[in-house]
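Shown next, in structure tokens, is the structure this report addresses.
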Amino acid sequence: MLPEGAPGRNSFAGGARDRNTVVRLLNDILASELMWLMRYRRRYLLAGGRPEISEERTAASATSADSLVRRIVELGGEPDLDPDHLLSRCLADYASRGSVGEMIREDLRAEHMVIASYAEVIGYLGDSDPPTREVLEANLDRESMRAAQLSQILRELAVQ
């Protein structure tokens, strides 16, 4: 139970941080997560279920996107799910061509951009909005694990 007057999960304790700016930043990251979801889903389907293009990765992207959508709504904002806006807000290109190895290298480059973006927004928030920071840190952990998995896959493909 929160002490009386303490900000709750659905409130914004942003202090000097502007709620609209935070919602915009979350929507920018959301666009990247949705693009990841589409990339992974396409690759999984085209690769015929190859282990290096796993359904798990698609589910992890969906989890990250869902947590961002929930937090945007909790902040009183509106998640920008408009397909026309995704490409302009996304941090990385869709990059749908090439061999499996080339696609995974591109995924890893894009993953590093998303990781940097999460870290930047977490730094911007500081301690001003613990619930949003918690969502971002959980997603950052997932992204970091995904980057490590992609690096491992590239090493295994190089050996083959």
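The values are calculated or read from the model by the stated rules, or taken from the named source; none is laboratory data. Just so it is clear, the structure is predicted and the values come from calculations on it, not from any experiment. So basically every Cβ, Gly included, is an ideal-geometry build from the backbone, and we count neighbours across all protein chains shown. With ligands, DNA and RNA removed, areas are computed over all heavy atoms of the protein, side chains included. Shrake-Rupley method; radii C 1.70, N 1.55, O 1.52, S 1.80 Å.
Please give the peptides 65-74, 79-88 ranked by average Cβ packing (other Cβ atoms within 10 Å per residue), highest first, as a rough proxy for protection.
For the peptides 65-74, 79-88, the packing ranking is 65-74, 79-88.
Probe radius 1.4 Å, ligands and nucleic acids ignored: give me the carbon and sulfur share of the accessible area of segment 107-160 as a rounded percent.
58 percent
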